[in-house]
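Notes to accompany the following structure.
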Amino acid sequence: MLETPTKTIDETRQGEAFEAFQNDPNQYRKHFYIESYGCAMNFNDSEIVASILNENGFGATRNIEDAHLILINTCSIREKAEQTVRNRLVHFKGLKKSRPEMLVGVLGCMAERLKAKLLEEEKLVDLVIGPDAYRSLPALIADAEGGQKGVNVLLSREETYSDIAPVRLDTNGVSSFVSIMRGCNNMCTFCVVPFTRGRERSRDAHSIIREVQDLVDRGYKEVTLLGQNVDSYYWMSQDGTEEVTFAKLLEMTALVSPKLRVRFSTSHPKDITDEVLFTMKKYDNICKNIHLPLQSGSTRVLQLMNRTYTKEWYLKKVDRIREVLPECAITCDIITGFCTEAEEDHLETLEVMRYSKYDLSYMYIYSERPGTLAARRYTDDVPDEVKSRRLKEVIEVQGKSSIEVFSACIGQTFEVLIEGNSKRSEEHWSGRTTQGRMAVFPKGDWNLNKGDFATVKINDATSGTLIGEIVFV
Ligand code: SAH
Ligand code: SF4
Ligand code: F3S
């Protein structure tokens with residue numbers, strides 16, 4: 001799952017939709033402020049939490065000073081992610097000194113991992129609520145208002161929040177996330193997610209399609225279907241007459257509207273099927289971008305990671321994607337310095353990267369997480385300086401690959417969905433190609449708006465941006 005950069009409501013781009021706030025702010029008795037960290041699923045969960053709170057008389061505020069309740073939706077994936085949250089909790093503690101009636105709640109993966117310990121460690125945290133327990137938030141808030149601190153970190157085998165319409169918190173009004181499943185049944189030995197998110201379960205396909213239709217009705221142009229391992233999505237109707245696989249769900253989503261772009265993340269190399277690739281090929285509006293985390297290019301290390309594929313299997317998947325979908329971008333996640341990783345393992349990672357020619361990769365140094373299989377079974381034995389040097393080499397190879405991929409676009413034209421002004425200039429639009437490549441181009445006299453499509457000819461490129469001009473709309 002792609003981790004999105006941390007955004008807070010404060011950073012919501014000005015003038016853009018903030019649905020939770022669009023309603024009359026006076027209709028709410030009280031206000032909550034929420035910050036989200038970690039992956040897109042966590043951001044989407046914050047939107048579910050916002051919906052639950054709206055129903056219970058709490059409106060969202062971008063202004064921490066107005067908040068009766070501060071929530072922090074947390075991530076445990078690496079130690080650094082947790083440290084960031086701890087620093088924020090210390091800051092909130094400071095705020096609480098002058099406003100003792102204000103409540104502070106910890107949501108998400110760190111809440112699940114640390115449970116009541118968070119109440120003990122961070123004395124001024126009032127609520128600790130795990131990812132499957134958000135429906136109990138109103139009751140726990142009421143208890144906390146009465147002075148009783150609350151914890152609910154029960155994991156569920158069924159909860160998918162399928163009946164809750166997320167309130168879009170931080171949106172450009174063009175693209176939105178839709179969670180299609182929760183939890184993860186893979187036991188990658190380095191990973192904390194199975195412990196913090198519980199067993200995998202797929203959401204009712206019809207509730208997904210209803211949510212997508214609603215987004216289309218409200219003018220959204222792009223959805224990203226989210227799950228830790230989307231290819232293992234599987235839903236069956238209660239009477240057993242209807243079965244929906246991920247390929248089928250992709251098709252159903254693509255058919256909601258030919259003008260809606262459909263993305264998805266994350267695909268596990270062991271599970272992505274030909275059926276998914278051919279569904280992508282069949283529908284122009286399914287974006288040609290696959291996030292296919294490698295983690296390591298060494299079969300020996302992959303086995304220790306319990307990724308259940310080999311280097312050769314992975315390379316064959318890349319070949320198959322290139323064969324069926326020649327224009328498809330592939331992106332990747334890589335961990336350097338996993339337990340026992342030797343120089344030759346590292347060189348194999350670089351080799352697979354050079355072969356696969358990723359558009360971009362998210363590259364991490366291995367961070368041991370307490371309680372994971374790797375923490376229990378193996379020693380975190382690669383010295384820090386070796387991890388860092390290998391990461392640097394991984395980043396270098398990725399940099400070259402990005403430049404190659406982006407430069408190869410020069411002279412071509414792409415359909416770009418406009419997401420908003422470019423960061424640097426109000427005279428330029430920025431948007432993405434179907435591959436997910438960012439393109440920047442002058443607005444000119446075309447009279448376009450955010451959410452429109454433009455055909456853009458690429459004249460120049462950096463390792464992360466295509467620079468071009470509109471040739472027609
Ligand atoms: N479900 C996704 C991954 C979710 S976590 C998948 O299977 O691909 C996102 C990324 O964080 C992972 O792909 C991995 O590269 C990285 N990651 C997970 N645990 C980590 C750890 N303990 N140390 C460093 N990086 C880690
Ligand atoms: Fe973690 Fe592996 Fe599940 Fe991804 S597939 S969330 S890396 S256990
Ligand atoms: Fe996501 Fe971080 Fe949890 S990556 S699932 S928020 S541990």
* Structure fact -> segment 148-258: spread of alpha-carbon positions along the three principal axes, whole Å, largest first, is 42, 39, 30
* **Built amide H within the under 5 Å cut-off of His291, gap 5+** => Ser267, Thr331
* Structure fact -> Whole-Å distance linking the alpha carbon centroid of segment 95-136 with that of segment 417-473 is 42 Å
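Determine the gain in length on full extension of the stretch Tyr355-Thr273; use 0.36 nm per residue of separation and subtract their C-alpha separation, reporting nm with one decimal.
27.4 nm
How long is the gain from Glu426 to Thr462 if the chain were fully straight, where each residue apart is worth 0.36 nm and the alpha carbon distance is subtracted?
11.0 nm
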* Spin-label point model (7 Å from Cα, Cβ direction): what's the Gln148 to Ile395 distance in nm? -> 5.0 nm
* Structure fact -> Counting sequence-distant residues (5 or more places) and residues on other chains, those with an amide H built under 5 Å from that of Ala461 are Ile467
* Asked: Taking the simple approach of a point 7 Å from Cα along Cα-to-Cβ for both Gln27 and Glu385, what is their distance in nm?
  -> 6.1 nm
* Compactness of the chain - radius of gyration and Dmax, Cα, Å -> 22.4, 65
* To do: May I ask you to evaluate 6.51 cos²θ - 1.76 cosθ + 1.60, the Karplus curve with θ = phi - 60°, for each residue of segment 293-303 and list the ³J(HN,Hα) values in order in whole Hz, giving x for glycine and proline?
  => x, 8, 6, 8, x, 9, 4, 4, 5, 4, 5
* Structure fact -> Rounded to the nearest 0.05, FRET efficiency between Leu95 and Lys115 (Cβ-Cβ, R0 35 Å) equals 0.90
* **Euclidean distance between Cα centres, segment 238-299 to segment 330-358, Å** => 25 Å
* Could you check how many percent of all C-alpha pairs in segment 398-470 are farther apart than 15 Å? => 46 percent
* State the three equivalent ellipsoid semi-axes of segment 7-152, derived from the C-alpha gyration tensor as the square roots of 5 times its eigenvalues, in descending order and whole Å. => 21, 18, 15
* Taking the simple approach of a point 7 Å from Cα along Cα-to-Cβ for both Asn63 and Asn87, what is their distance in nm? -> 2.7 nm
* To do: Would you check the accessible area of Trp235, probe 1.4 Å, heavy atoms only, in square angstrom rounded to 10?
  => 40 Å²
* What ³J(HN,Hα) values, in whole Hz, does the Karplus curve 6.51 cos²θ - 1.76 cosθ + 1.60 give for segment 457-469 when θ = phi - 60°, with x put for Gly and Pro? -> 8, 8, 10, 7, 7, 10, 6, x, 9, 9, 10, x, 9
* To do: Work out how far the C-alpha atoms of segment 71-156 reach from end to end along every principal axis, then list the three figures in whole Å, largest first.
  => 33, 30, 17
* Asked: Taking the highest mean first, how do the peptides 148-155, 352-359 order by number of other beta carbon atoms within 10 angstrom per residue?
  -> 352-359, 148-155
* Structure fact -> Short to long, in 10 Å steps from zero, the percent of alpha-carbon pairs of segment 349-473 per bin is 12, 32, 23, 17, 12, 3, 0
* For segment 259-303, treating each Cα as an identical point scatterer without solvent, what Debye log10 I(q)/I(0) comes out at q = 0.21, 0.23, 0.25, 0.29 1/Å? -> -0.75, -0.84, -0.93, -1.10
* Mind putting together the pair-distance distribution for segment 175-401? All Cα pairs, 5 Å bins, whole percent per bin, short to long. => 1, 7, 14, 17, 18, 16, 12, 8, 5, 2, 1, 0
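The values are calculated or read from the model by the stated rules, or taken from the named source; none is laboratory data. The shown structure was predicted, so the numbers you read here are calculated from the model rather than taken from an experiment. Note: ideal-geometry Cβ built from the backbone for every residue, glycine included; neighbour counts use all protein chains shown. Please note that ligands, DNA and RNA were not included when accessible areas were found on the heavy atoms of the full protein model with its side chains. Shrake-Rupley method; radii C 1.70, N 1.55, O 1.52, S 1.80 Å.
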